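Notes follow the structure.
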Amino acid sequence: MEENQKYFTQDEELREKTEKLASLRKDGVSLIAEISQENNLLKRNKLISDDERKTRIAENKKKLCGAKKTAAQNKAEISHLVKEALARNRVLADDYRKRIQADQDELIAMLKKGCEKKIAKINEASLAEKKEIVKRHEGQTDPKDVAACREEIRLADYTRKSLIFDAKNRCSATVEKAKAVKEQTFIDYVQKNREIRNGSTTMTENMLLYIQHFISTFRLSRFLLGNGLYLSILIFFIVCIVIAPLTGNGNLLSLPNIFTILELSAVRMFYALGVAGLILLAGTDLSVGRMVALGAVASGIVLHPGRNIVTLFGMGPWDFSALPDGIRIILALLLSILLCVTFSSFSGFFSAKLKIHPFISTLATQLIIYGLLFVGTNGTPVGTIDSSIKDLLGGRWVLGSIGGEVITFPKLIVPAVIAIAIAWFIWNKTVFGKNMYAVGGNPEAANVSGINVFRVTMGVFIMAGIFYGIGSFFEIFKANANAGTGQGYELDAIAACVIGGISFSGGVGKISGAVAGVIIFTGLTYCLTFLGIDTNLQFVFKGVIIIAAVALDSIKNLRHK
């Protein structure tokens, strides 16, 4: 990098143009940026009085007017100089990159040949050593001598493999350095362009940087390990898309089918977003399905048209139809969230305070909810919900028609997208989100660094309960709720997160992975159903995908260790 920078600075023409650009910008665009930054700092500075702040900002405004005038006067000259400097930089960089890449390619070729020769010598030496061992023990029939001979040969093989492994590692490390030098030439070229443009870059340069880095760091084994499962699923989807018309099932890739997959994914997205946080903490949640039933039954009772036949522990039945629809919707949603958060917090307390693994605490919660629901409702379904509310929140918008077929857009997708955005913001843009990763990666280290592990763990369980509550509220727009609603949903949610790359080891994963996992898993089920595959056989496909995802995750963790 230093050699490359010298190469650019040694060119007299480019240096003159760069210095002139800096001089023209000094009292113009550069001063504008300095004043804007100073004003932002002044607004946030609590150590100065309001009068002093106003005075200094007023002075800066006067300076800003002058700087803007200077910037406007020099704009045309700067633009012309920038074009000339970029053109000169491109010529210099092209020449330099060709020479460096040729040198490094030659070095890489020499390194690989040298490595091959070294390995050949190691193999020859090992073979000679084995022959010597066999010759030394030739004719000996004593079992101890035979065993000793075998042990010496085994040690010779072990030594040979160790030496070859070391030689390959040394060669690989040197080759990596050579490739890094090649990549750095382009990085320095882009950095110089940014300097010429006063810090700005272009989309083309960013894309080329990404491609260059991908080529430089690409390893087939690493790529297959990280993306093998997705490639397999992609191939499966392609096969389904091709087979569907041939078997008379129609076009799988049609817009209505895509919207149906997204609609099916929408409600399940809430459950995956909730359980994803617990998996990030190296935990899990087996109570998701029962939470769904709990929230759905409660919401269904409130939104049922007229008098409901369901009673809870002898109380009821109720009739909420006299309330305005808006009040009923809010009441049903809040009741669902409250119940799910209560039981989720119950599990979270035992995991956070008593260090009970979430597998046990959520299993206990699952059984408690299951028993309470069946005893309380006698297994009676709550029935349908008010049709006007169902259409308002769970219906579809008509987009138009294509080829005589009416295209509709599911309304349930909208709240799912909002939930994804909120979850992404929490995970990536808040202190709580950073603490989640820290606690999931190493709770002991997080505790030592000042993070309250108990609060973070409880926060994740509460957040999960909120997502479960919202999801179970929307669940009633799909089917009539009863105590058995949501059976097996916890396994689908967990599987979707694992497929999406959220590691059971904790501290690794992204919201985008959970989202992709839900869509992939739902799409897989829909494809199998679309092709008429037996429902029981679908469990086999799901099981294979789950074990493959977890196995790949384990292999990655073993390699990192």
Exercise for review: Report, by residue number, each residue of the range 423-451 that is over 15 Å from V508 (Cβ atoms), among the polar types (S, T, N, Q) and either out of contact with any helix residue (DSSP H, G or I) (no Cβ under 7 Å at 6 or more places or on another chain) or assigned to a loop (DSSP other than H, G, I, E, B) (or both).
Suggested key: T430, S449
Point to revise | Count of the range 207-221 residues which are surrounded by 11 or more Cβ atoms within 10 Å (Cβ to Cβ) and modelled with pLDDT of 85 or more | key: 0
Practice item. Give me the pairs, please: first residue somewhere in the range 351-363 and more than 21 Å from Q487 (Cβ to Cβ), second residue anywhere and part of a loop (DSSP other than H, G, I, E, B), beta-carbon distance under 8 Å, and either six or more positions apart or on two chains. Key: S351/G283; S351/H357; H357/G283
Check your understanding: Given the residues Y189, Y210, Y271, which is the only one that is more than 25 Å from the chain's Cα centre (by Cα), hydroxyl-bearing (S, T, Y) and in a helix (DSSP H, G or I)?
Key -> Y189
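For the range 281-293, name all the residues that are in a helix (DSSP H, G or I) and either closer than 13 Å to N480 by Cα or hydroxyl-bearing (S, T, Y) (or both).
Within the range 281-293, the subset in a helix (DSSP H, G or I) is 288-293.
Within the range 281-293, V292, A293 meet the criteria.
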Check your understanding: Mind checking which residues of the range 298-347 are in contact with a Lys or Arg (Cβ under 9 Å, 6 or more places away or on another chain) and closer than 21 Å to I368 by Cα?
Key -> F343
Point to revise | Residue that is modelled with the lowest pLDDT [pool: residues in the range 233-255 that are open to solvent by less than 70 Å² (accessible area, probe 1.4 Å) and among the polar types (S, T, N, Q)] | key: N249
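Please work out if L264 is open to solvent by 50 Å² or more (accessible area, probe 1.4 Å) and under 17 Å from E490 (Cα atoms).
Yes, satisfied.
Tell me, yes or no, whether the range 423-436 has at least one residue that is surrounded by 12 or more Cβ atoms within 10 Å (Cβ to Cβ), of a type in the set (A, V, I, L, M) and either free of Cβ contacts under 8 Å to residues at least 24 places away in the same chain or more than 28 Å from I494 (Cα to Cα) (or both).
There is no residue in the range 423-436 that is surrounded by 12 or more Cβ atoms within 10 Å (Cβ to Cβ), of a type in the set (A, V, I, L, M) and either free of Cβ contacts under 8 Å to residues at least 24 places away in the same chain or more than 28 Å from I494 (Cα to Cα) (or both).
Does A282 satisfy the criteria of being open to solvent by less than 10 Å² (accessible area, probe 1.4 Å) and aliphatic (A, V, I, L, M)? Step through it out loud before you land on a result.
Numbers: open to solvent by less than 10 Å² (accessible area, probe 1.4 Å): no; aliphatic (A, V, I, L, M): yes.
Considered against the rule, which asks whether it is open to solvent by less than 10 Å² (accessible area, probe 1.4 Å) and aliphatic (A, V, I, L, M), A282 comes out as no.
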Check your understanding: If the Cβ limit is 8 Å and pairs must be 6+ apart or interchain, which residue in the range 198-219 that is within 30 Å of K26 (Cα to Cα) pairs with which residue that is in a helix (DSSP H, G or I) and small (G, A, S)?
Key -> N198/S30
Exercise for review: Please report, ordered by residue number, the helices (runs of 4 or more DSSP H) entirely within the range 1-105 with at least 1 residues that are aliphatic (A, V, I, L, M), without any contact (Cβ under 8 Å) to a residue 40 or more places away in the chain and surrounded by 11 or more Cβ atoms within 10 Å (Cβ to Cβ).
Suggested key: 12-26, 29-44
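Residues A173, A180: which one is more than 15 Å from R90 (Cα to Cα), surrounded by fewer than 17 Cβ atoms within 10 Å (Cβ to Cβ), within 30 Å of the chain's Cα centre (by Cα) and modelled with pLDDT of 85 or more?
A173
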Check your understanding: Which of the residues spanning the range 114-142 are closer than 16 Å to F165 by Cα and surrounded by fewer than 16 Cβ atoms within 10 Å (Cβ to Cβ)?
Key -> G114, E116, K117, A120, K121, N123, E124, A125
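What helices (runs of 4 or more DSSP H) lie completely within the range 306-422 and have 3 or more residues being open to solvent by 60 Å² or more (accessible area, probe 1.4 Å) and under 30 Å from P443 (Cα atoms)?
325-353, 358-377
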Practice item. Determine whether G199 is at pLDDT below 85, within 30 Å of L14 (Cβ to Cβ) and open to solvent by 50 Å² or more (accessible area, probe 1.4 Å). Key: yes
Review point. Condition test on F259, is it under 27 Å from the mean Cα position of the chain (by Cα) and either open to solvent by 60 Å² or more (accessible area, probe 1.4 Å) or not β-branched (V, I, T) (or both)?
Key: yes
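The values are calculated or read from the model by the stated rules, or taken from the named source; none is laboratory data. Remember, predicted model here, so these are calculated numbers, not experimental data. Cβ atoms come from the backbone with ideal geometry, glycine included; neighbour counts cover every protein chain shown. Only protein heavy atoms, including side chains, enter the accessible area calculation; ligands, DNA and RNA are left aside. Shrake-Rupley method; radii C 1.70, N 1.55, O 1.52, S 1.80 Å.
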